[in-house]
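The values are calculated or read from the model by the stated rules, or taken from the named source; none is laboratory data. This one's a predicted model, so the numbers in the text were calculated from it and none came from an experiment. Quick reminder, even Gly has a Cβ in these numbers, built from the backbone with ideal geometry, and neighbours come from all protein chains shown. Side chains included, ligands, DNA and RNA excluded: accessible areas come from the protein's heavy atoms. Shrake-Rupley method; radii C 1.70, N 1.55, O 1.52, S 1.80 Å.
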Amino acid sequence: MEPRVYERGLQWLVPTDARPEFARTLNRMGVTLRKLLAGRLLGMAFEGAFIFLALAVGGVPMALLLGIIAGVLAFIPYIGAIFSGVL
């Protein structure tokens with residue numbers, strides 16, 4: 001639950017003189033992964049909303065539910081789109 005504990009544990013595996021650079025690298029990796037997850041969540045929301053609007057305009061019943069399912073399945077890289085299309 002506390003990522004700092006794991007960071008310190010990893011830093012102990014690195015030689016003492018390389019630990020500051022390793023800590024900076026870990027921080028940059030954390031920032032990058034947080035940005036990646038935020039972009040992924042934004043894409044999921046956009047895809048779900050777009051699917052809902054397209055289905056609602058087309059008169060498909062349960063368009064909201066299908067839009068939510070498509071948005072959630074967008075998190076799975078390749079298989080999610082296939083499952084959304086099948087539904």
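Note the direction-averaged projected area, equal to a quarter of the hull surface, for the Cα convex hull of the chain, in nm².
7.4
Per the 1.4 Å probe, what fraction of the accessible area of the chain, in percent, lies on carbon and sulfur atoms?
76
If you take the square roots of the eigenvalues of the alpha-carbon gyration tensor of the stretch 47-87 and sort them as a ≥ b ≥ c, do you get rounded (a/c under 1.5), prolate (a/b over b/c) or oblate? Spell out each step's value before the answer.
Values: a/c = 2.47, a/b = 1.96, b/c = 1.26.
Cα axes put the stretch 47-87 in the prolate bin.
When ligands, DNA and RNA are left out and all protein chains stay put, how many square angstrom of accessible area per residue does the chain have with a 1.4 Å probe?
Averaged over the residues of the chain, the accessible area is 79 Å².
Work out from phi, with θ = phi - 60° and the Karplus expression 6.51 cos²θ - 1.76 cosθ + 1.60, the ³J(HN,Hα) of each residue of the stretch 30-45, listed in order in whole Hz, and give x for Gly and Pro.
My calculation for the stretch 30-45 gives x, 5, 5, 5, 5, 5, 4, 5, 5, x, 5, 5, 5, x, 4, 5 Hz in order.
With +1 assigned to the C-beta of every Lys and Arg and -1 to the C-beta of every Asp and Glu, and no other charges, what is the dipole magnitude of the chain about the Cα centre in debye, to the nearest 20? Please report the intermediate quantities before stating the final value.
On the way: 8 positive and 5 negative charges, 45 e Å.
Here the size comes out at about 220 debye.
Which sequence of VAL72, VAL86 reflects their accessible areas, 1.4 Å probe, from the largest down?
VAL86, VAL72
Using label points projected 7 Å from each Cα along Cα→Cβ, tell me how many nm separate ILE76 and ARG34, to one decimal.
Result for the modelled spin labels: 3.0 nm.
Heavy atoms of the protein only, probe of 1.4 Å, neighbouring chains included. What is the accessible area of LEU36 in Å², nearest 10?
Counting only protein heavy atoms, the figure is 110 Å².
Taking the chain as the reference, fit the longest principal axis to its C-alpha atoms, fit the long axis of helix 3-12 to the helix C-alpha atoms, and give the angle between the two in degrees, 0 to 90, nearest 10.
On a 0 to 90 degree scale, this one is about 40.
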